[in-house]
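The values are calculated or read from the model by the stated rules, or taken from the named source; none is laboratory data. Please read these numbers as outputs of a predicted model, since none were measured by experiment. Here the Cβ positions follow ideal geometry from the backbone for every residue, glycine too, while neighbour counts run over all protein chains shown. Side chains are part of the model used for accessible areas, which takes the heavy atoms of the whole protein and leaves out ligands, DNA and RNA. Shrake-Rupley method; radii C 1.70, N 1.55, O 1.52, S 1.80 Å.
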Amino acid sequence: MKYISVAVDGPAGSGKSTITKMVAEKLGYNYVDTGAMYRAITYNFLNNDLKELNEEKVIKFLSTLKFDVKFIDKKQYVLINGEDVSEKIRTAEVSKFTSLFAKSPAVREFLIDTQRNLAKSNNIIMDGRDIASVVLPNADVKIFLTASVEERARRRVLDFERQGITDVNYEKVKEEIKARDYQDENRDIAPLIKVDSAILIDTTELTIDQVVEKMIELIKFKENL
């Protein structure tokens with residue numbers, strides 16, 4: 001059986017996760033949450049009192065780590081040494097350190113193998129910042145989602161307001177997104193880029209439903225080839 005793999009990349013605030021999850025649900029694909037994988041690794045490091053990016057120690061921990069990703073009813077579960085940590089990784093402390101350990105070459109190499117293997121045994125849709133360029137360069141469908149900085153900042157402010165956080169400065173959020181873009185585009189390992197074979201979808205003037213439908217059309221076209 002031929003499985004379809006979909007790679008979705010894009011900058012912070014472009015709606016990748018929200019939209020990708022909706023597309024996966026409508027198509028019956030497995031949504032691969034790569035961020036949860038990095039969080040799980042980070043959770044393990046923190047539990048072992050590793051809070052600095054020491055590559056030698058990182059490699060040592062990874063050499064004995066049993067890491068597994070399972071899908072049950074299309075929902076992803078991440079297991080560390082046999083323990084389901086899918087909910088435990090959603091803490092402020094884990095969030096704080098995840099970006100640090102995501103810079104580790106050893107961590108990225110460790111997870112890339114897992115991510116690629118998932119694409120061999122399921123119809124999957126995976127989002128991130130280097131999926132089409134590094135993780136799944138042979139993906140059947142490659143999509144690059146983006147939106148203007150102003151629109152992404154507006155969405156981020158709305159997200160905060162939905163969480164009950166109202167004292168958010170729009171200009172500050174916009175500058176933070178610009179800084180994140182620069183960091184993602186200029187990092188040494190797997191910078192954010194749009195590969196030539198990726199289809200660009202600018203979501204600035206589109207609703208979530210419109211973007212979802214556009215992506216589903218692209219995927220279904222590939223399924224029917």
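So here's what we get for this one:
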quantity: Qualifying residue in the stretch 138-154 (condition: hydroxyl-bearing (Ser, Thr, Tyr), at pLDDT below 90 and open to solvent by 10 Å² or more (accessible area, probe 1.4 Å)); calculated: no
quantity: Residues of the stretch 121-158 satisfying the condition of being over 14 Å from the mean Cα position of the chain (by Cα), under 27 Å from Pro105 (Cβ atoms) and in a helix (DSSP H, G or I); calculated: Ser121
quantity: Subset of the stretch 63-82 that is polar (S, T, N, Q) and assigned to a loop (DSSP other than H, G, I, E, B) - its residue that is surrounded by the fewest Cβ atoms within 10 Å (Cβ to Cβ); calculated: Thr64
quantity: Residue count, the stretch 183-204 (criterion: farther than 14 Å from Ala7 by Cα and either open to solvent by less than 80 Å² (accessible area, probe 1.4 Å) or at pLDDT 95 or above (or both)); calculated: 8
quantity: Test: residue in the stretch 91-102 that is in contact with a strand residue (DSSP E or B) (Cβ under 8 Å, 6 or more places away or on another chain), more than 17 Å from Lys16 (Cα to Cα), open to solvent by less than 60 Å² (accessible area, probe 1.4 Å) and part of a helix (DSSP H, G or I); calculated: no
quantity: Complete set of residues in the stretch 44-101 that are among the basic types (Lys, Arg) and on the phi < 0 side of the Ramachandran plot; calculated: Lys51, Lys57, Lys60, Lys66, Lys70, Lys75, Lys88, Arg90, Lys96
quantity: Residues being farther than 21 Å from Phe101 by Cβ and touching a strand residue (DSSP E or B) at 6+ places or on another chain (Cβ under 9 Å) - total across the stretch 175-194; calculated: 2
quantity: Residues (in contact (Cβ under 8 Å) with a residue 60 or more places away in the chain and closer than 25 Å to Asn123 by Cβ) located in the stretch 193-219; calculated: Lys194, Val195, Ser197, Ala198, Thr203, Ile208, Val211, Val212, Met215, Ile216, Leu218, Ile219
quantity: Selection count, the stretch 1-53, where residues are in a helix (DSSP H, G or I), under 28 Å from Asp209 (Cα atoms), open to solvent by 10 Å² or more (accessible area, probe 1.4 Å) and among the aliphatic types (A, V, I, L, M); calculated: 2
